[in-house]
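Notes follow once the structure below has been shown.
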Amino acid sequence: MTASFSLEGFVYLLGASRRRDARLECADHEGVTWVRVLNLSHDEEEEEEFARSPLSEVHIDAALGRTARKLIFEDGTVFETSDHAGFSQLDAGSRGARLHQLERFGPHLVAFSIACLAAAYVLWRFGLDILAALAVAMTPSVVVEQIDRGTLQTIDYVMADPTGLSQEAQTRARMIYEQVISALPEQEREGRKFTVLFRDMPSVGPNAFALPGGTMVLTDDLVQNFANDNLLAGILGHEIGHVVGDHGLRRLYRSLGAYILVALLAGETGPLMEDILLEGNALLSLSYSRKQETAADKFGVALSHKAGFDPKGLKSFFEKISETTGDAPQWMSSHPSHGNRIEAIDGFIDALPAR
């Protein structure tokens with residue numbers, strides 16, 4: 001048998017742990033490709049044959065980076081070599097060889113990486129909102145209620161104390177709340193458990209926020225320091241707008257989608273769903289978008305107006321906040337600037353129907 005090519009490497013014999021220098025020879029004989037393993041001696045009189053077999057009956061291991069390649073004979077003899085270029089002649093055209101070729105760094109991998117990044121950007125830019133909307137529509141009410149409970153428990157544990165408001169102040173705020181809620185169409189109240197709660201949260205200041213299921217929290221500072229019915233009605237209408245628009249769930253699912261998208265590119269996601277459903281930490285760390293804030297402002301102005309309050313109440317709130325805290329540039333915040341919100345609210349008021 002005349003060798004058409006040969007490879008140098010090592011041989012491992014069945015039942016022996018010691019490796020020996022060896023040479024693999026490959027040649028065609030009567031239409032069949034044969035391989036045999038010999039000792040590395042170049043003296044034909046001293047050649048010792050360790051194994052011989054048709055190539056079709058030999059197992060060729062899959063290529064893995066730059067690791068040594070192996071040829072395994074039926075009797076257990078193993079030939080190993082680091083001559084990848086030479087070894088590729090044995091499995092040329094096989095599925096493993098084609099896959100290994102694709103794994104090698106080159107223009108095709110650069111193009112594939114760019115395509116993956118482009119697809120991820122398109123999905124982040126356009127697809128996450130669609131997926132979030134679908135997820136909101138498929139979320140059972142019991143899950144939303146659990147999110148509210150978990151988030152409220154986190155708030156009470158981390159940043160809130162029981163309210164110090166007098167019963168009179170609470171009753172006043174509840175009456176305004178009930179009047180605003182009564183102006184909400186029945187179909188918007190279905191499937192939601194609207195309720196208002198009070199908490200002492202000095203670190204938050206005069207504020208209000210709504211959870212996805214309809215739970216609303218008013219801080220003591222807001223009720224005490226902004227004792228204006230129209231103002232409070234506007235704020236409550238704004239928060240109801242967030243609930244009706246499913247802004248909380250949308251931002252949650254969008255953030256979760258972005259997190260999973262990054263995880264698909266980078267690795268493990270971790271127990272995020274448990275954190276969302278049981279602790280509510282993820283929801284607290286998210287912010288409404290400017291678009292959602294503007295939509296809630298518009299909704300709050302219209303709802304407070306429908307409930308019989310002066311729709312300028314929400315505008316007066318931002319005017320007072322702006323006088324106290326100033327107005328950071330809009331580009332530095334996820335929220336519209338106070339000045340821009342006040343200007344937009346004026347437009348919403350002008351568009352209201354006459355009572």
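List of remarks:
- Extension gain from GLU49 to ASN207, taking 0.36 nm per residue of separation minus the Cα-Cα distance: 48.2 nm
- Estimated distance in nm for a label pair at ALA118 and ASP61, the labels positioned 7 Å out from Cα along Cα-to-Cβ: 3.9 nm
- The simple Förster model, with R0 at 30 Å and r as the Cβ-Cβ distance, assigns HIS84 and ALA111 a FRET efficiency of 0.80.
- Derived value for the stretch 121-237: Kirkwood hydrodynamic radius 15.9 Å. Basis is the mean of 1/r over every pair of different alpha-carbon atoms.
- Under 16 Å from the SER166 label point (7 Å along Cα→beta-carbon), backbone N, the stretch 228-242: 228
- Residue order by solvent-accessible surface for VAL223, VAL32 is VAL32, VAL223, largest first, with ligands and nucleic acids left out and a 1.4 Å probe.
- Length added when fully stretched, ASN39-ALA227, from 0.36 nm per residue minus Cα-Cα: 58.0 nm
- Solvent-accessible area per residue for the stretch 8-87 (1.4 angstrom probe, square angstrom): 58 Å²
- Applying the criteria of a DSSP loop state and at most 14 other Cβ atoms within 10 Å to the trypsin sites (Lys or Arg not before Pro) of the stretch 175-222 yields LYS193.
The values are calculated or read from the model by the stated rules, or taken from the named source; none is laboratory data. No experiment lies behind these values; they were computed from the predicted model shown. Note that we place each Cβ from the backbone using ideal geometry, even for glycine, and neighbour counts take in every protein chain shown. Protein only, heavy atoms only, side chains kept; ligands, DNA and RNA dropped before computing areas. Shrake-Rupley method; radii C 1.70, N 1.55, O 1.52, S 1.80 Å.
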